[in-house]
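Here's the structure, in structure tokens; my notes come after.
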Amino acid sequence: QVQLVESGGDLVQAGGSLRLSCGASGRTFSNYVMGWFRQAPGKEREFVAVISWSGGSTRYADSVKGRFTISRDTAKNTVYLQMNSLKPEDTAVYYCATKRGLPTVTGISYEYWGQGTQVTVSS
């Protein structure tokens with residue numbers, strides 16, 4: 001059974017940094033891309049970032065480009081989201097997700113999801 005477990009969410013002041021982690025288990029994740037999504041209260045879930053299996057291809061939402069960095073450690077089956085220069089509008093529950101094939105920004109195409117970790121940015 002595939003499990004994704006996020007960690008690292010916290011309360012931080014605007015301008016601060018956090019690093020989220022997502023550990024994956026339950027299968028071999030060769031050829032699986034890993035993505036981060038977020039959902040703020042009263043809003044729809046939105047794409048944040050995605051990384052290919054090799055780590056050689058990444059893509060970001062315009063709202064986080066230049067501030068967030070996605071990376072992965074394939075040996076540990078772990079993906080990270082380094083978040084710098086955080087803003088109050090980054091407040092949300094952050095979810096990691098995984099799928100086979102090519103990186104996409106559409107959440108519905110992802111097969112497995114974690115339970116989420118709360119990030120709160122105070123002004």
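The values are calculated or read from the model by the stated rules, or taken from the named source; none is laboratory data. On a predicted model such as this, the values are computed, not experimentally measured, just so you know. Don't worry about glycine lacking a Cβ; one is built from the backbone with ideal geometry, like all the others, and counts go over all protein chains shown. Accessible surface is based on the protein model in full, side chains and every heavy atom, while ligands, DNA and RNA are left aside. Shrake-Rupley method; radii C 1.70, N 1.55, O 1.52, S 1.80 Å.
Pick from Lys99, Lys76: which is surrounded by 14 or more Cβ atoms within 10 Å (Cβ to Cβ), of a type in the set (Lys, Arg) and over 14 Å from Gly8 (Cβ atoms)?
The unique qualifying residue is Lys99.
Scan the range 1-14 for residues that are more than 26 Å from Leu102 (Cβ to Cβ) and either touching a Ser or Thr at 6+ places or on another chain (Cβ under 6 Å) or not in a loop (DSSP other than H, G, I, E, B) (or both) and jot them down.
Listed by number, the residues that qualify are Ser7, Gly8, Gly9, Leu11, Val12, Gln13, Ala14.
Going by the structure shown, is Gln39 in contact (Cβ under 8 Å) with a residue 12 or more places away in the chain, within 17 Å of Ser7 (Cα to Cα), out of contact with any helix residue (DSSP H, G or I) (no Cβ under 6 Å at 6 or more places or on another chain) and exposed (fewer than 13 other Cβ atoms within 10 Å of the Cβ)?
No: the conditions fail for Gln39.
Gly23 versus (1) outside any loop (DSSP other than H, G, I, E, B); (2) open to solvent by 80 Å² or more (accessible area, probe 1.4 Å); (3) more than 19 Å from Ser109 (Cα to Cα); (4) without any contact (Cβ under 8 Å) to a residue 60 or more places away in the chain: which is the lone unmet condition?
Only one criterion in (1) outside any loop (DSSP other than H, G, I, E, B); (2) open to solvent by 80 Å² or more (accessible area, probe 1.4 Å); (3) more than 19 Å from Ser109 (Cα to Cα); (4) without any contact (Cβ under 8 Å) to a residue 60 or more places away in the chain is unmet by Gly23, namely (2).
Can you list the strands (runs of 3 or more DSSP E) found entirely within the range 66-123 that contain at least 3 residues being more than 14 Å from Arg38 (Cβ to Cβ) and in contact with a strand residue (DSSP E or B) (Cβ under 9 Å, 6 or more places away or on another chain)?
68-73, 78-83, 92-100
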